[in-house]
Each structure stands twice: as C-alpha cells, then as structure tokens.
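Let me begin by presenting the structure, written as structure tokens, before commenting on it.
Rule-based calculations on the coordinates, nothing more; no lab input. For clarity, every value in this text was computed on a predicted model and none was experimentally measured. Here the Cβ is made from the backbone with ideal geometry for all residues, glycine too, and neighbour counts use every protein chain on show.
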Amino acid sequence: MNRLFLLKRSLIRCNGTSNEASNFLQGIITNDMKLFSEQNCIYTLFLNKLGRILYDSIIYKLPANVDEEKFIIECDTAIADNLMRHLKFYRIRKKVDISLSDEHNIWFLSDSKKNIEYSNNVMPYIDPRISDFGTRLITSKDFNLKEMLNESLGSDEDYMEHRYKLGIGEGIVDLIPEKSFPLESNCDYMKGISFQKGCYIGQELTARTYHTGVVRKRLMPLIFEKKIVMNLNDNVDIKNEGKLSVGKLRNISGNYGLGLMRLEQTISSKSLNYNENPCTTEKPFWWPN
C-alpha cells in the first residue's frame, strides 16, 4: 500500500545569477552540479575538511529565468541553522542569496511510478538515491496534498521504518555529524558522490578511501523478531554468537533498525543480537554486486 508522509525536514533556498549558484555549490558538495543538465534533483553531502559528514541533503532545481538559477536544499531540521551558516561562510563574494524557506512543505510518497503533474502548487521529484524508493514532493505550505492524492498519511516512525527496511540512512541520528564517513554510510551506492568532478571540501580522504577499495564497515538494515525500544543509555553493540561486537546500532523503528556493521565479521556470523534480542541482516538489493 502506498503511503504519504509529511517530512520534518527543512528547505533552504539557494538562488543566484546564471551559473553563480551552481558554481558556488560545486565546491562544497560531494556530488556534481553538472548532473542538473540531465536530472532535476541530486543527493549529496557536505563534509568537513577531514572528510567526515556534516550534513546530508537532496538539492532540487526549480524553474527560473534564463539569467538566474534557483535551488532548494533539503536537510535535517535539527541542523538547518548550522547548514545556513556553513553556506554563508563559503559564499565569499558570490552573488548568491541563501535563506530558509518557510512557505514550502516537503513530502514523501512511497511510490515512484505514480504520475503527478508539475504545477505551481506541487513539484514532484523522484528520490535520487535509489530507483523505486519513492517520490519527494515540494508544495506550498497551505496546499492539501493528502486530499489531492487521496493517500493515507503515515507517521514519522512509518517513514523511518520504510527507510530502515532498505538500509537507507538520513539525518543526524543515522549519519552522525563529524563522525560518519561517506562510504561507510553508503553514499557512494546512493549516487551521492562524484569521483570525477575534482576538488571539494573533504574530497581528499573520500577519494583515497574509494580508490583503495577498502571499506570495512557500512550501514546495513537490521530486522528484529519483535519491536525493540532503544534507550539513550543502552549498549549499542550488535554481537554475534560468540558475543563479539560486529557492529553498532544507530537507531530502531518498530522491527527494523540500522547498524554500522563490520562487513566481513557480520556476513560470517551465524547469529546476531542486540542486548539479547535476536536480529538478522542482509545486503540490500540496491548494493552493487
């Protein structure tokens, strides 16, 4: 059954004269702004100088006049102000306007095949991370998308569970700022990193890790036999049958969780558990062979 979600994510406007906004973003994101010649949104990261994730985002291109560019940057609401400061810090002498959008909502529909026409009130974008994951929609603040689509409205937990089933991390809980690495977070598999475009902040370590081909840990989906509640003070180790830690739990929603797992040890384990709660994992279908 399809489900519609009103996401608690923030939207930041980034507008400029022709090529000014895209050139500005090109130097501070992991993906390639040139992709906008072929698609209308991209998944990307903002890194610190050590190559660790600061913010994950989806950037949307909006219609604009020939001599201007308009983009909207979607991010975790908890770090929206930080991302605004980050953008303004690197804006040096560029004719780019950066501001928080308070007249839009961002929605997610767990159906990428439903035909939704682009209009003044609704701007649909296929989620760029994984084919068939779903559709993101930007609407004016007062527009009733639920009524238009005649879809049931899911909760925040439902949306999280939908992501965790597929092993998709999003936001500061799953991608811990200044601690998470792009490849360990599967951002390369989700088409969020360009290894051809050249320099950007944090590029050196990311490129070196990619070219060595050695990524020992990755975020993986975890399936529990029963619903588990994760408390802040809980031990986060995922252990195998020998009680050895093979990964760390990031979060749980219902019967599904997300863990940063050591690949070789996880795959070779006969059983896994979190605080004596049995769980299983498998490589997501969207990972390359």
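For the residues 112, 268, 140, a GNM of the chain with alpha-carbon springs under 10 Å puts the largest fluctuation on 268.
A simple charge model with +1 on the Cβ of Lys and Arg, -1 on the Cβ of Asp and Glu and nothing else charged puts the dipole of the stretch 208-262 at about 260 debye relative to its Cα centre. Here residue 70 is the anchor, and the aspartates and glutamates within straight C-alpha reach of less than 18 Å, apart from those fewer than 8 places off in the same chain, are 20, 32, 38, 97, 102, 103. Each of 46, 36 has some number of other Cβ atoms within 10 Å of its Cβ, and from fewest to most they run 36, 46. Label positions at residue 243 and residue 68, each projected 7 Å from the Cα along the C-beta direction, are separated by 6.6 nm. Comparing 203, 288, 235 along the charge dipole axis of the chain, the residue lying farthest to the positive side is 203, per the Cβ-charge model. Distances between placed amide hydrogens fall under 5 Å for residue 217 paired with 263, all partners being 5 or more residues away or on another chain. What the Cβ-Cβ distance of residue 147 and residue 102 gives, at R0 = 30 Å and to the nearest 0.05, is a FRET efficiency of 0.85. Under a model in which nothing but the beta-carbon of Lys, Arg (+1) and Asp, Glu (-1) is charged, the chain shows a dipole of about 840 debye around its Cα centre.
Within the chain, the ratio Rg/Rh, alpha carbon atoms throughout and Rh by Kirkwood, equals 0.97.
What whole-number distance in Å separates the alpha-carbon centres of the stretch 1-73 and the stretch 210-265? One Cα centre to the other: 30 Å. Work out the charge dipole of the stretch 4-154 with +1 on the Cβ of Lys and Arg and -1 on the Cβ of Asp and Glu about the Cα centre, then indicate which of 122, 29, 148 is farthest towards its positive end. Result: 29, furthest along the dipole toward the positive end. Around the amide H of residue 32, modelled in the peptide plane, lie the amide H atoms of 194, all under 5 Å away and 5 or more residues distant in sequence or on another chain. Normalised by the number of residues in the chain, the average gap of Cα pairs under 8 Å and 6 or more apart makes the relative contact order 20 percent.
Listed cross-link partners 49/227; 165/197; 49/243; 61/113; 49/94; 49/248 are compared with a 28 Å cut-off, the Cα-Cα value being larger for 49/227; 165/197; 49/243.
Here the spin labels are modelled as points 7 Å beyond Cα on the Cα-Cβ line, and at residue 275 and residue 227 they lie 1.6 nm apart.
Only the Cβ atoms of Lys and Arg (+1) and of Asp and Glu (-1) were treated as charged; on that basis the dipole of the stretch 1-104 about its Cα centre amounts to roughly 340 debye.
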